[in-house]
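*Asks:* Please read through the structure below; I'll follow up with questions.
The values are calculated or read from the model by the stated rules, or taken from the named source; none is laboratory data. Worth saying up front: this structure is predicted, and the values here are computed from it rather than measured. Positions of Cβ are backbone-derived with ideal geometry, glycine not excepted, and every protein chain shown enters the neighbour counts. These accessible areas exclude ligands, DNA and RNA; they are computed on the full protein's heavy atoms, side chains included. Shrake-Rupley method; radii C 1.70, N 1.55, O 1.52, S 1.80 Å.
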Amino acid sequence: MGDHVDRADQSTSPHTTAYNGARRVLTGNWVGASTVPSRSLYPHQWSWDSAFVAIGLRHLWPLRAQRELETLLAAQWQDGRVPHIVFNPSVPLAAYFPSPDFWRSSSEGAGCGAPAGTETSGLVQPPVHAVAAWLTHRADPAASHQRGFLRRVYPRLVAWQRYLTGARDLGGHGLASIVHPWESGMDNSPCWDPPLSRIDPVGSDTFHRADLHHSRPADRPTDLDYGRYVRLAENYRDHGYRDRDCGHPFAVEDPAVNALLILSEHALAEIAGALGLDPSDHLVRAEELTTALVKRLWHAESGQFLAHDVIADEPIAEHSAAGLIPLVLPGLPEETVRALVATATGPRFGLGVSTRMVPSYDLTGHAFDPARYWRGPAWFNVNWLVERGLRRHGELALANELRANLTHLAATSRYAEYVDPVTGEARGTRDFSWTAAVTIDLLAEPPLTAGGLLPAPHHDEQRLVPVPVD
């Protein structure tokens, strides 16, 4: 594949040990055309996982990073959606629930243009893909140009964005809505409890959870949560995955999803420029979406962005790390940035004070649980985004401390799926791909003095050289 070998194994420093361990995880989880999040718990390709994986892979094997994204986008539906799972037909159905025979995408999704030859889910996940594509291109511009990587993925990425800003603008205010908690990426967040309380769950005897074979029940969602998840997914499937006439019983504007949607418009502007196209449409959309995000989801009294229940037409009064993710964006009002930093370091999240990484949910919240999936543990991809956001806005000391804690805890937890935000105790599965990927990304380059995820191209488009930083 023309992959180059990095120079990480010339030292035994802690940074190099972390780097080499992360490389081992990404090597072990590569399955020929994509990367599984975990060999045991998640044996298929997941959408936003693959975006983070590509961001890490670009430092090791740029062509493999390109292929990661190309494999995912090959399963895109004709309506533009990128499904949250692309199923590997060689994996037994019992290995993961819900399996392809539950989603029945090629038949039930045919009216929305689901691919006929590849089974997928019908849901989506946060749109990190344009950012990953641009950073992947930047890792080896010569190979990218030679393969026509950007030219091939650009129209697919644009269609993906337009699906979210079009069919998924269920609230009519310009923001994308999620129609299932799984679409947030933060599946089991207490933010979803109020709208989920309207959902009549299916009985636990109607499904078999494979996840409990690979992880402690105390770390995972309850059967009641799963019963509601299944009910929502069945309703969407039985309406042919159509958004406009589904009568969604769950529709929420999530701040993290929409922040990443905006960041992806900025990435698409970079990609358009590299292709000799006019980037102005993307920049205008990014500005309009940022205005809508602040107007619709910012809550000054909470000091962060809150999710909005579209059906009840009210904010959801739960505080999660999703409300900090907009820090990655340029163009936020200065007072909003200051408030977000104060909230991140305050009693709700304790960053730099009581926690080593940002917890997924409010430390003072009624539902906080440091062990259970998305109800308190710290996740490495979320903290990578927060680190980048802090650095963008000049909070360098806090960003550097978070960067050091993230890479240290990744290695000492054996690249855990998530960790206790205070103690760093490993939770979930181990050898988790995006944990390894963001570790590689943080260690492969010196920390930026300031700025965001989308640095301007070098005038000579020189290839990035991955060298761990001590």
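*Asks:* Taking every pair of alpha-carbon atoms in region 341-387, what share in percent sits in each 10 Å bin, from 0 to the bin with the longest distance?
*Replies:* Computed distribution, short to long bins: 31, 60, 9.
*Asks:* Oh, and also: Using a 1.4 Å probe on the protein chains only, how many percent of the accessible area of the chain belongs to carbon and sulfur? Could you put the intermediate results ahead of the total?
*Replies:* Details: 8570 of 16270 Å².
Ligands and nucleic acids excluded, carbon and sulfur reach 53 percent.
*Asks:* Roughly speaking, what is the centre-to-centre gap between region 304-342 and region 27-91 when only Cα atoms are used, to the nearest Å?
*Replies:* Here the answer is 29 Å between Cα centres.
*Asks:* Hey, any idea what Rg/Rh is for the chain, computing Rh the Kirkwood way over Cα pairs?
*Replies:* A ratio of 0.93.
*Asks:* Taking N as the number of residues in region 52-208, what is its Cα Rg relative to 2.2 N^0.38 Å?
*Replies:* Against the empirical 2.2 N^0.38 Å value, I get 1.15 for region 52-208.
*Asks:* Another question, if that's okay. Say the dipole of region 99-187 comes from +1 at the beta carbon of Lys and Arg and -1 at that of Asp and Glu; which of Val153, His173, Tyr163 then lies farthest toward its positive end?
*Replies:* About the Cα centre, the residue reaching furthest to the positive side is Val153.
*Asks:* Kirkwood hydrodynamic radius, computed over distinct alpha-carbon pairs, for region 1-143: how many Å, to one decimal?
*Replies:* The answer is 16.1 Å.
*Asks:* With charges only on Cβ, +1 for K and R and -1 for D and E, what is the dipole size of region 33-107 about its Cα centre, in debye, rounded to 20?
*Replies:* With only Lys, Arg, Asp and Glu charged at Cβ, the dipole is about 140 debye.
*Asks:* Would you mind getting the accessible area per residue of the chain, heavy atoms of the protein chains only, 1.4 Å probe, in Å²?
*Replies:* 35 Å²
*Asks:* Two decimals is fine: what is log10 I(q)/I(0) at q = 0.26 Å⁻¹ for region 233-285, from a Debye sum with one equal scatterer on every Cα and no solvent?
*Replies:* Results for region 233-285 at q = 0.26 Å⁻¹ read -0.88.
*Asks:* Moving on. What is region 345-421 by shape, rounded, prolate or oblate, if you read a ≥ b ≥ c off the alpha carbon gyration tensor as root eigenvalues and call it rounded for a/c under 1.5, prolate for a/b larger than b/c, and oblate otherwise?
*Replies:* The shape class here is oblate.
*Asks:* In bins 10 Å wide, starting from 0, what share of all Cα pairs of region 378-442 does each bin hold, as a percent?
*Replies:* 24, 56, 19, 1
*Asks:* Additional query: Extent of region 260-386 along each principal axis, from alpha carbon coordinates, in Å, largest to smallest?
*Replies:* 50, 32, 27
*Asks:* Let me know the charge dipole size of the chain about its Cα centre in debye, to the nearest 20, where only the beta-carbon of Lys, Arg (+1) and Asp, Glu (-1) is charged.
*Replies:* Computed charge dipole of the chain: roughly 920 debye.
*Asks:* Further, regarding this structure: Can you give me the C-alpha center-to-center distance between region 349-383 and region 138-184, rounded to a whole angstrom?
*Replies:* The distance from the Cα centre of region 349-383 to that of region 138-184 comes to 29 Å.
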